[in-house]
Amino acid sequence: METRPKLRLFRYLVPVVIVLAILFSVRQCNRKQEKPLGHPRDYISIAKEGILRVATEYNSTSFYVDGDTISGFHYELIEAFARDKGLNAEIIPLMSFEERLKGLADGRFDVIAFGILATSELKDSLLLTTPIVLNKQVLVQRRATEENDSLYIRSQLDLAQRTLHVVKGSPSILRIR
């Protein structure tokens, strides 16, 4: 009588162990087939998959949702490009400029659709398009109260030893430095 419970346990335990082993090995095989992140994709890989992964900023200029409509200057540009190349654009809104650069470097994104300042540091590490919009940095300050107001900044040299407040992760920091 003592062998029957052991036999019953053996009958149920062995198939469970076999099923778990099969599930584990299939899961490991799927992980090996996934392309690891860490390397930017080339155009051939993008075209083969048919999806262009794009990082942009969520704001009224780049990309925004208004009711049931998606709009924005950079959104429209990337959609036109993807349509022309027969691709589907996967838009990923990301507010941090540093995170967009990091995602581009490690292969999470194929393109950054955003107005990036063309600094020498970025030119060395990125392939930038021909500029679509040209603009200048501006300093926002209060008006001069008198002719010789010591707080009023008249040239870039007056910024030396001053405290500037800039949006965290802004590409403007590179230019200011």
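The values are calculated or read from the model by the stated rules, or taken from the named source; none is laboratory data. Note that the structure is a prediction, hence the values are computed from the model and not measured. Here the Cβ positions follow ideal geometry from the backbone for every residue, glycine too, while neighbour counts run over all protein chains shown.
Filter region 104-115 down to the residues that are within 11 Å of Glu57 (Cβ to Cβ) and in a loop (DSSP other than H, G, I, E, B) and list them by number. Hits for region 104-115 are Ala113, Phe114, Gly115.
Any chance region 112-122 includes a residue that's β-branched (Val, Ile, Thr) and surrounded by fewer than 13 Cβ atoms within 10 Å (Cβ to Cβ)? Scanning region 112-122 turns up no residue that is β-branched (Val, Ile, Thr) and surrounded by fewer than 13 Cβ atoms within 10 Å (Cβ to Cβ). The C-beta contact set for region 131-145 (first residue touching a residue at least 12 places away in the same chain (Cβ under 8 Å) and under 21 Å from Ser155 (Cα atoms), second residue assigned to a loop (DSSP other than H, G, I, E, B) and aromatic (Phe, Trp, Tyr), distance under 9 angstrom, 6+ apart or interchain) comprises Gln141/Tyr152. Which one is nearest to the chain's Cα centre (by Cα) among residues in region 154-177 that are more than 29 Å from Ser96 (Cα to Cα) and in a loop (DSSP other than H, G, I, E, B)? In this case the residue turns out to be Ser155.
Restricting Ser71, Ser62 to residues that are under 12 Å from Ile91 (Cα atoms), in contact with a strand residue (DSSP E or B) (Cβ under 8 Å, 6 or more places away or on another chain) and without any contact (Cβ under 8 Å) to a residue 24 or more places away in the chain narrows the list to Ser71. Among the residues making up region 55-94, those that are part of a strand (DSSP E or B), surrounded by 12 or more Cβ atoms within 10 Å (Cβ to Cβ) and not polar (S, T, N, Q) are Ala55, Tyr58, Phe63, Tyr64, Val65, Ile70, Ala89, Glu90, Ile91, Ile92, Pro93.
Scanning region 36-54 for residues that are within 18 Å of the chain's Cα centre (by Cα) and in a loop (DSSP other than H, G, I, E, B), we see that the one that is modelled with the lowest pLDDT is Pro36. Asp106 - would you say it is loosely packed, with under 15 Cβ neighbours inside 10 Å and either basic (Lys, Arg) or within 20 Å of His39 (Cβ to Cβ) (or both)? Judged against the criteria, Asp106 is a match. The single residue among Leu128, Leu104 that is closer than 29 Å to Tyr43 by Cα, within 24 Å of the chain's Cα centre (by Cα) and at pLDDT 85 or above turns out to be Leu104.
Per-residue answers, yes or no, for (1) part of a loop (DSSP other than H, G, I, E, B); (2) not acidic (Asp, Glu):
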residue	(1), (2)
Lys102	no, yes
Leu122	no, yes
Asn135	yes, yes
Gln141	yes, yes
Glu147	yes, no
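The residue pairs whose first member lies in region 148-177 and is at positive phi, whose second member is assigned to a helix (DSSP H, G or I), and whose beta carbons are closer than 7 Å, counting only pairs six or more residues apart or on different chains, are Gly169/Phe97; Gly169/Glu98.
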